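Here the structure is laid out as structure tokens; the discussion comes afterwards.
Every read-out reported here was derived from the displayed coordinates using simple, explicitly stated rules and does not represent laboratory data. Not measured: the values here are computed from a predicted model. Ideal geometry is used to build each Cβ from the backbone, glycine not excepted, and the neighbour counts take in all protein chains shown.
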Amino acid sequence: MKKEYGLIAALGILFLLFIQLAGTLVESIYLMDLLHSGLDAKILGVLFFFTPLLLLPFYKKFPRGLLWLSFALLAITRGILPYFKVSPRMFISGIGTFTVVSLFFLLVQALSDVGDRKRAGFWSGAGLALAVALSALLRTAYHGVEYSLTPAGSWVGWLLGVLLGLSLVFVKPGAPKQVTEKKTGGVTSAVLGFILVLVLAWFSFSAPSVIARWTQGNYTLIVAAISLFSTGWALLTLLAPTWPGKVSARLLLVWNLVFTLCLTATLLTQQVGSPVTPDAAPVVVTTPTWAQLVPLFLTLLLFPVIFLDMKVFVDQISDKAPAPRNLAPGLALGALLLIVLVFANIFTNVWGYVKPISLFFRGKYWLSYFLIAGLITFLAWASGRKKVPALPDFVFKFKGVPVVVLGVLFVATFVFALPVKHVEVIPTEDPRTSIKVMTYNIQQANDENGEKSFDRQLALIQDVSPDVLSMQETDSVRISMNNNDYVRFYADNLGYYSYFGPTPVMGTYGTSILSKYPLENVRTAYIYSDKDENANAEAEVTVGGKTLTIYDVHPDGSPTVDMTFAKTLIERSKIKPYVIALGDYNLRDYEEAYKLINSVYTNVWTSIYPTKISTDGTDMSGENRIDHIFISSDLQARNPVYVLIPDSATDHAVHYSELYWTK
């Protein structure tokens with residue numbers, strides 16, 4: 001049984017490493033290129049997805065040597081990955097992606113035992129379930145950020161390499177076997193389907209925060225469902241190893257079709273649309289309705305079909321035992337389609353910057369997921385009709401160990417997903433008459449050089465300790481930022497209440513509100529845009545018996561967009577007392593939209609420093625002062641501060657101030 005368990009563990013770790021490395025590769029390219037609103041030669045980093053083709057000519061000559069060489073290179077690249085900055089990280093993750101794909105096919109071909117080859121698809125389905133469960137744990141344990149890809153969690157990468165090596169030792173891979181007398185028709189579609197299943201797991205289910213942010217659904221329940229169904233699938237395959245082979249092609253088709261429809265509906269129900277003309281009313285969205293959440297629940301219930309799809313595709317590959325050259329078309333098409341799907345997803349967020357082709361993808365966040373799931377449905381149905389030899393009856397011994405391991409994996413993930421304890425606001429005898437507010441454009445948790453800075457940003461927030469924190473460019477829960485949920489990371493570590501604001505499905509840059517006080521009446525107002533999707537996050541907090549209304553803003557676009565934003569902000573807030581509108585306005589004080597807002601509300605900085613230069617010499621009189629705090633006339637400000645680059649650990653100055661009231 002050591003061999004069987006070793007194979008499941010090896011495949012699980014391989015699939016997990018693919019998700020981590022492919023995600024890091026795309027994130028690194030985005031940080032160096034698309035984050036700066038353009039394309040250049042760095043975009044060629046996507047060609048790493050084609051590199052597994054390079055080893056195919058050597059599969060026959062050096063099968064065992066290539067297998068162990070690939071393992072060594074994979075273990076080293078994965079181990080050192082968290083220590084490097086973004087540019088070398090792209091190269092390292094590219095090499096790692098190359099080796100992990102190569103190692104999978106080398107391993108499948110090295111299963112010389114006939115029984116092992118027949119069960120390769122079975123092991124692969126269980127391995128993918130294990131990979132999704134492990135990924136959910138690593139992300140949940142570090143509050144939405146992939147722990148093993150951070151310097152603090154780098155030891156996990158080395159541990160995964162050691163465990164993969166031990167698993168391969170237990171497997172005892174032999175010489176590859178090519179069954180040349182068999183026809184190899186269907187291998188290309190099976191390889192393509194195999195890649196698409198990995199891509200779907202990478203895009204969504206391996207990072208539960210992605211799905212939670214799509215819908216603002218209950219994070220703990222979503223994490224628990226993904227972990228339970230993943231560990232449960234792995235356990236079920238151990239307890240009843242022959243049942244997946246009894247699923248008919250027709251049942252598989254229906255299961256995939258319903259899953260595809262539910263996944264697409266989950267996204268489409270969140271696609272509320274933005275105003276299409278400057279004079280159109282904003283589209284206001286509050287908490288999700290049950291009608292919006294029903295497709296989500298069904299998607300979570302049905303998603304284990306991807307584990308069965310993985311079994312079907314690998315069964316076809318293993319049964320055909322193709323010569324290396326027969327793998328080439330599938331790998332090439334898979335890499336090409338993967339790249340197209342990555343850009344289709346990213347362009348929904350940056351459609352205003354990479355014209356003209358990106359314009360097509362505006363409002364089509366759902367499209368890449370529909371294409372992936374739809375293609376898997378067709379390919380799995382086509383492959384499922386091609387019968388492979390039935391598995392002989394067999395049973396696993398020593399079931400107690402995997403039961404305990406999988407049980408611990410689920411319980412640990414669930415515990416990490418439980419809500420954190422919120423910070424306690426120390427009560428006073430007299431009602432509070434002031435709060436400290438802070439606006440922070442975190443640039444998706446990166447500094448001005450595009451290097452990860454979430455630890456420094458968190459330290460700065462902790463040092464200021466604002467009562468209310470507005471954050472912009474928080475849309476990191478997407479593949480372009482490796483699905484990291486930095487809002488959850490900050491909120492959990494601070495013990496703050498949080499509202500994520502506009503869903504990533506809508507393609508905005510993200511406005512989020514964090515607070516020591518409970519956030520009430522949360523909503524998002526989408527306004528007209530011609531460059532970026534614009535949305536204000538809005539909420540109320542009650543402090544000292546007063547209800548303060550918070551507007552977190554981040555407009556961007558033409559002067560027409562700026563004026564539309566200014567008018568919308570004033571219209572939505574003019575009848576409310578104690579208004580605090582703060583964020584990245586992308587407006588200088590000489591622009592018409594700024595002047596309009598300034599005629600209604602008070603700018604905190606200039607109310608204290610009319611010269612725009614503070615007493616300590618901080619000069620905010622130039623072009624760079626675009627992050628503002630505006631307040632209504634029933635509020636006053638004192639001690640406003642700007643923290644400048646590079647101390648801000650982002651590409652913006654950070655602005656905070658104490659606000660107080662006397663009425």
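Projecting the Cα atoms of Val404, Ala539, Pro356 onto the charge dipole of the chain (Cβ charges, centred on the Cα centre) puts Val404 farthest toward the positive pole.
Computed about the Cα centre, the dipole magnitude for the chain is approximately 3480 debye when only Lys and Arg (+1) and Asp and Glu (-1) carry charge, each at its Cβ.
Put simply, the amide H of His655, placed in the peptide plane, has neighbours under 5 Å in Thr439, Val643, leaving out anything fewer than 5 places away on its chain. Computed from Cα positions, the angle between helix 400-417 and the longest principal axis of the chain comes to roughly 10 degrees. Cross-link partners among aspartates and glutamates for Lys436, C-alpha distance below 17 Å, same-chain residues fewer than 8 apart left out? Leaving aside aspartates and glutamates fewer than 8 places away in the same chain, those within reach of Lys436 are Glu424, Asp463, Asp467, Glu540, Asp552, Asp627, Asp634, Glu658. Each residue of the range 630-645 is assigned a 3J(HN,Hα), and the resulting list reads 10, 9, 6, 5, 8, 10, 10, 10, 8, 6, x, 9, 10, 9, 8, 5 Hz, derived from the Karplus form 6.51 cos²θ - 1.76 cosθ + 1.60 (θ = phi - 60°), x at Gly and Pro. As a calculated quantity, the FRET efficiency between Ile426 and Arg385 at R0 = 56 Å, using C-beta atoms, amounts to about 0.25.
Packing here is the average count of other Cβ atoms within 10 Å per residue, and on that basis the peptides 231-240, 18-27, 611-620, 79-88, highest first, run 18-27, 231-240, 79-88, 611-620.
Computed about the Cα centre, the dipole magnitude for the range 508-649 is approximately 520 debye when only Lys and Arg (+1) and Asp and Glu (-1) carry charge, each at its Cβ.
Between amide H atoms placed 1.01 Å from N, distances below 5 Å from Asn446 occur with Ser453, all of them 5 or more places distant or on a separate chain.
Among 560-573, 271-284, the peptide with the highest mean count of other Cβ atoms within 10 Å heads the list, and the full ranking is 560-573, 271-284. Across the range 548-663, C-alpha contacts under 8 Å between residues 6 or more apart give a mean separation that, scaled by the residue count, equals a relative contact order of 24 percent. Ordering Leu514, Trp158, Ser529 by Cα displacement along the dipole of the chain toward the positive end leaves Trp158 in first place; charges were set at the Cβ atoms of Lys, Arg (+1) and Asp, Glu (-1). Residue by residue through the range 324-340, which ³J(HN,Hα) values in whole Hz follow from phi under the Karplus form 6.51 cos²θ - 1.76 cosθ + 1.60 (θ = phi - 60°), with glycine and proline marked x? Per residue, the Karplus-derived 3J(HN,Hα) values read x, 5, 6, 7, 4, x, x, 5, 5, 5, x, 5, 4, 5, 4, 5, 4 Hz. Relative contact order, whole percent, for the range 434-660 stands at 22, derived from Cα pairs under 8 Å and 6 or more residues apart.
Between the amide H of Arg478 and those of Asn483, Asn484, distances stay under 5 Å, these residues lying 5 or more places away or on another chain, with hydrogens modeled in the peptide plane.
Mean separation of Cα pairs under 8 Å and 6+ residues apart, divided by the residue count of the chain: what relative contact order is that in percent? It rounds to 16 percent for the chain. When the chain is described by a simple charge dipole with +1 on each Lys and Arg Cβ and -1 on each Asp and Glu Cβ, the residue from Ala566, Ser470, Ser383 located farthest towards its positive end is Ser383.
Using θ = phi - 60° in the Karplus curve 6.51 cos²θ - 1.76 cosθ + 1.60, the 3J(HN,Hα) couplings for the range 237-245 round to 5, 7, 7, 9, x, 9, 5, x, x Hz; x is entered for Gly and Pro.
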